[in-house]
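K.L.:
Pasting a structure here, questions to come.
The values are calculated or read from the model by the stated rules, or taken from the named source; none is laboratory data. All of these numbers come straight from a predicted model, not from anything done at the bench. Don't worry about glycine lacking a Cβ; one is built from the backbone with ideal geometry, like all the others, and counts go over all protein chains shown. To get the accessible areas, we keep the full protein, side chains included, count just its heavy atoms, and leave off ligands, DNA and RNA. Shrake-Rupley method; radii C 1.70, N 1.55, O 1.52, S 1.80 Å.
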Amino acid sequence: MINKDRLINEFIELVSIPCPSKGEKEEAELIMAKLRELGLEPEMDKANEKTGGNCGNVWAYVKGNVPDAPRLFFEAHMDSVAPTTGTRVVRKDGVLYSDGTTTLGGDDKVGIAAMLEAVRALKEDGVPHGDVQLCFTISEEIGCLGVVNLDKSWIKADYGYCMDIGGDPGEITYAAPKLYDIYVTVKGKSAHAGIAPEEGVNAIMLAAEALSKLPGYGRLDAETTFNIGLFNAGIGTNIVCPEAKFVIDMRSLNVPRLDALKDSTMALIKEVVEAGHGEVEFEVVEGCPAVELNKDHECIKLAASAAEKLGFPVELKTTGGCSDGNYLCGYGLPCGLLATGMSNVHTTEEYLKEEDLYNTARWTYEIIKEAAAK
């Protein structure tokens, strides 16, 4: 069974290692050493050749002893957001904190620790299980670069679980949005603002007018959000601005709705800018595909059944955020997101209840057992 003290000690060891995005090598080497101690043969891919990091994603394969069981894939990322170097864990009243000078690193070491302990318990207990694939990715915090650049042919599984979302163990996210980033460049014409402003075309004003004509922003509906996150323009107060740039972040659980929103937004901006004698250029970047499972998918039902056996309250949810799980789904691997208890992530006030860490490992272990039983 899951050894709580061992699990907590291993979590503390994992978060003590410096692991900034693109600098996960020391963390990766520690994880690979632990995998070898478990009798596995970990491999590191070459994703870093595209990301510019100092190591690749780490993979490991646990051969099953139940041939017909669904093949499972568990994933967590190795990097943490800054400040992440020199983490010292403080234990108080059953809760793990940093000392306040760094993030704790539970995002996503809780997933890593749970995966390692679950496999360790499988081997110690000798329970029946199917094939299990483990993947520890790089540079998730700066755009999911590790999973974006992995070799999809390495994935050998029927269902996947991304161990990287807040909430209590037992909460399962079955849908996450598709994301577009639209980079907009509005071009006007420069002129001296005091001598001949009528000869210029002010790109700032054209961009502002176009944005003012948008039908809405923020939360557009229960499934869709729209944000202007960056705006850059101007080269001097005495110059009619020749160019303005802004970036739109739009995302939705409803992919047809999102695609229609993308097209209508660009058409509206183009119409307004050209009516004001300017020009506009668009660069559309697909930030991530959608997680599009339904509540009755076997991947989700398996995780829910395992949680119920442990007595965890089961809650099926959607999210407006994106993770490595979006890309795994986009590669054709049905992938749910399992809540791991991480709280106040990306801040120096981050914390993790010891019981949530323990229950995340128990849940991972039980999913593997439950899959073999089916």
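K.L.:
Decide, for the stretch 11-119, between rounded, prolate and oblate: order the square roots of the alpha carbon gyration tensor eigenvalues as a ≥ b ≥ c, take rounded if a/c falls under 1.5, and otherwise choose prolate if a/b is larger than b/c, else oblate.
P.N.:
The shape class here is oblate.
K.L.:
When ligands, DNA and RNA are left out and all protein chains stay put, how many square angstrom of accessible area per residue does the chain have with a 1.4 Å probe?
P.N.:
Counting only protein heavy atoms, the per-residue value for the chain is 43 Å².
K.L.:
For volume of the Cα convex hull per residue in Å³, which listed value, [x] 148; [y] 193; [z] 161, comes from the coordinates shown?
P.N.:
[x]
K.L.:
Keeping all protein chains in position, work out how much accessible area Glu315 exposes to a 1.4 Å probe, and write it in Å² to the nearest 10.
P.N.:
Taking all protein chains as shown, Glu315 has close to 90 Å².
K.L.:
When the helices in the chain are scored as -39500 (n - 2.57) per DSSP H run of 4 or longer and the sum is shared across all residues, what 222 nm value do you end up with, to the nearest 500 deg cm²/dmol?
P.N.:
-10500 deg cm²/dmol
K.L.:
Using a Gaussian network model on the chain with a 10 Å cutoff between Cα atoms, which of Gly64, Gly194, Gly311 fluctuates the most?
P.N.:
In this elastic network of the chain, the residue with the biggest mean-square fluctuation among Gly64, Gly194, Gly311 is Gly194.
K.L.:
Let me ask you something else. Taking θ = phi - 60°, what integer Hz values does the Karplus form 6.51 cos²θ - 1.76 cosθ + 1.60 yield along the stretch 156-171, in sequence order, with x for Gly and Pro?
P.N.:
Ordered by residue, 3J(HN,Hα) equals 10, 8, 9, 9, x, 9, 9, 8, 7, 7, x, x, 7, x, x, 8 Hz.
K.L.:
Next up: Among 3-11, 241-249, what's the highest-first ranking by average C-beta atoms within 10 angstrom per residue?
P.N.:
241-249, 3-11
K.L.:
Pick from Pro42, Pro83, Pro313: which is most flexible by mean-square fluctuation in a GNM of the chain where alpha carbon atoms under 10 Å apart are linked?
P.N.:
In the Gaussian network model the winner is Pro313.
K.L.:
Now for a different question. For the stretch 1-100, what's the relative contact order in percent, using C-alpha pairs closer than 8 Å and at least 6 residues apart?
P.N.:
It comes to 30 percent, rounded to a whole number.
K.L.:
A further question follows. Quick one: putting +1 on the C-beta of Lys and Arg, -1 on the C-beta of Asp and Glu, what dipole do you get for the chain around its Cα centre, in Debye to the nearest 20?
P.N.:
260 debye
K.L.:
So which residue, out of Gly236, Gly111, Gly332, gets the largest mean-square fluctuation from a GNM of the chain using Cα contacts under 10 Å as springs?
P.N.:
Gly236
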